[in-house]
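I have placed the structure first, in the form of structure tokens, so that the comments after it can refer back to it.
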Amino acid sequence: MFLLVLLFSLLVATVAVQNTTPVTLRVLVFELRDVALSVLVLISIALGAGLALLLGLGTWIGNVRAVRQRDGTIARLQAELARAGAAPPPASVEPPPQRMAPALGDGDGAQRPEPGESRLTPP
């Protein structure tokens, strides 16, 4: 992620350095004269990054609330278990081992063909 941000920053810096032409910016009734294009590019990118940060902030706050609520539920349920005299759950539960299908001729009842013998010919 850091590398991506660094590459994007270098691209923005390159565009800003190569575009120093003065321009006139008109927004509704406002007008700015002789503003370097690079300054407008940098301001636009900064405003976009700030807006993205504000939009992501709501999601982040929602996630923090959900985690706190789940932590509270877990603590409440563990307290109920302790009052009921049940053993606490293990800290981590390992998944059961995966069973692999037996290889051909390894205890599955099938016979391996002899060298030079085809499996498709009748016995």
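The values are calculated or read from the model by the stated rules, or taken from the named source; none is laboratory data. Since the model is a prediction, treat every value here as computed from it, not as a measurement. Cβ atoms come from the backbone with ideal geometry, glycine included; neighbour counts cover every protein chain shown.
Of the residues in segment 1-51, how many are assigned to a helix (DSSP H, G or I) and either among the β-branched types (V, I, T) or in contact with an Asp or Glu (Cβ under 6 Å, 6 or more places away or on another chain) (or both)?
Residues flagged as assigned to a helix (DSSP H, G or I) and either among the β-branched types (V, I, T) or in contact with an Asp or Glu (Cβ under 6 Å, 6 or more places away or on another chain) (or both) within segment 1-51 amount to 9.
Given the conditions (1) in a helix (DSSP H, G or I); (2) at pLDDT below 85; (3) among the small types (G, A, S), report the number of the one that A87 does not fulfil.
It fails just one condition, (1).
Picking from A66, A52, which residue would you name as being under 21 Å from F8 (Cβ atoms), small (G, A, S) and either modelled with pLDDT under 90 or surrounded by 10 or more Cβ atoms within 10 Å (Cβ to Cβ) (or both)?
The match here is A52.
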